[in-house]
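Below is one structure, written out as structure tokens; the observations come after it.
The values are calculated or read from the model by the stated rules, or taken from the named source; none is laboratory data. None of the values given here were measured: they were computed from a predicted structure. Don't worry about glycine lacking a Cβ; one is built from the backbone with ideal geometry, like all the others, and counts go over all protein chains shown. To get the accessible areas, we keep the full protein, side chains included, count just its heavy atoms, and leave off ligands, DNA and RNA. Shrake-Rupley method; radii C 1.70, N 1.55, O 1.52, S 1.80 Å.
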Amino acid sequence: MTQSAVRVVGGIAIISLVLYGLVVAFAYAFQREMVFPRRFVNAAPFQAMVGPEFTRIALATPDGELLKGYYKPPHRGAPVIVAFHGNGSVPEPMAVRFGSDPWAQQGFGVLTFAYRGYPGSTGTPSEEGLLIDAETAIAYVREKAPDSRLVLMGHSLGTGVAVAMSERHSSIGLVLEAPFSSLPDVVAATMPFLPGQLMHDTFLSTRRIAGAQADSIVIIHGERDTVVPAFLGRRLYAAAPHGVFMSVEDADHLNLRGVRDREVLDILKNGYAVEPSPLSEPVGSPDPLETGAV
């Protein structure tokens, strides 16, 4: 290779490193805008979805934020579902879902709310802040329905909140749709060119779920999920003290929601089946982060 060719190659390498550094610096600086894209969430189309059986409430957090929420009281002695939405979602669809059958038929109560910084709530989101929000929601349920046990339910980012609360509070069930092992693992699986270890908010669910105080743990994942690949749900399942993994072959990250509600309700009422069904077995390819495929 000639000296001029070496200089050209060296120049290209330097430019590539500079551009990569700029990409990493941008991602680092704006990571919370990507993890919590609340500025792109429009809650207005969902406002009319919630029926009169719900009371719109304002949850006051200990650090001075006000959170928009929806509460439906349980029938006497029935559990209350505390539902945590995903990072690009709003609480209204959760209210509609859990305020309807089969949950309504069984008298379940519901509390769901918008995280700090999301439409209708004040503040700026962070992992620490979302956990404060969740504790505030659970305290509200304890006050309003002291005789009811909890069901902690989350979708996507909300699973990280639900798992953290399950480590701190007892419940009859921890229900997780499209969960992850940690946010750095999500980065490694979907954006491997970015250093996930630089994340401010990690949601280390594999560590937290080991201490889950839930009678039943149900993990549901779509095999076509490209936002949070299903192997991350299996990784979380492997760290759980007990539980059921439901693989949904034709589901992706969004259309997964609610497809196994009747099976989940049966587990919450009756416990795990004596013999796991095929739907309860973690299937699929090996973990690509462990095999080096990613």
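A few notes on this one:
- Scanning region 206-223 for residues that are under 22 Å from N87 (Cβ atoms), open to solvent by 20 Å² or more (accessible area, probe 1.4 Å) and of a type in the set (A, V, I, L, M) yields a total of 0.
- In region 243-266, the residue that is nearest to F231 (Cα to Cα) out of those that are open to solvent by 20 Å² or more (accessible area, probe 1.4 Å) and in a helix (DSSP H, G or I) is E263.
- Boolean, F203 is part of a loop (DSSP other than H, G, I, E, B), surrounded by fewer than 19 Cβ atoms within 10 Å (Cβ to Cβ) and at pLDDT below 95: no
- Filtering region 151-172 to residues that are part of a strand (DSSP E or B), touching a helix residue (DSSP H, G or I) at 6+ places or on another chain (Cβ under 7 Å) and buried (at least 24 other Cβ atoms within 10 Å of the Cβ) leaves V151, L152, M153, G154.
- Qualifying positions in region 123-150 - more than 21 Å from L232 (Cβ to Cβ), open to solvent by 10 Å² or more (accessible area, probe 1.4 Å) and assigned to a helix (DSSP H, G or I): E128, I132, E135, T136, A139, Y140, R142, E143, K144
- Scan of region 98-122 for residues that are surrounded by 19 or more Cβ atoms within 10 Å (Cβ to Cβ) and not in a strand (DSSP E or B), ordered by number: F98, G99, W103, F108, A114, Y115, R116, G117, Y118, S121
- Residues (open to solvent by less than 60 Å² (accessible area, probe 1.4 Å), among the acidic types (D, E) and farther than 25 Å from V227 by Cα) located in region 54-95: E65
- Residue selected from region 28-70 under the condition more than 15 Å from S89 (Cα to Cα) and of a type in the set (K, R), by the criterion modelled with the lowest pLDDT: R32
- Residue count for region 65-103 under the criterion of being closer than 18 Å to R257 by Cα and in contact (Cβ under 8 Å) with a residue 12 or more places away in the chain: the result is 21.
- Residue check, T226 in contact with a Pro (Cβ under 8 Å, 6 or more places away or on another chain), surrounded by fewer than 22 Cβ atoms within 10 Å (Cβ to Cβ) and part of a loop (DSSP other than H, G, I, E, B): no
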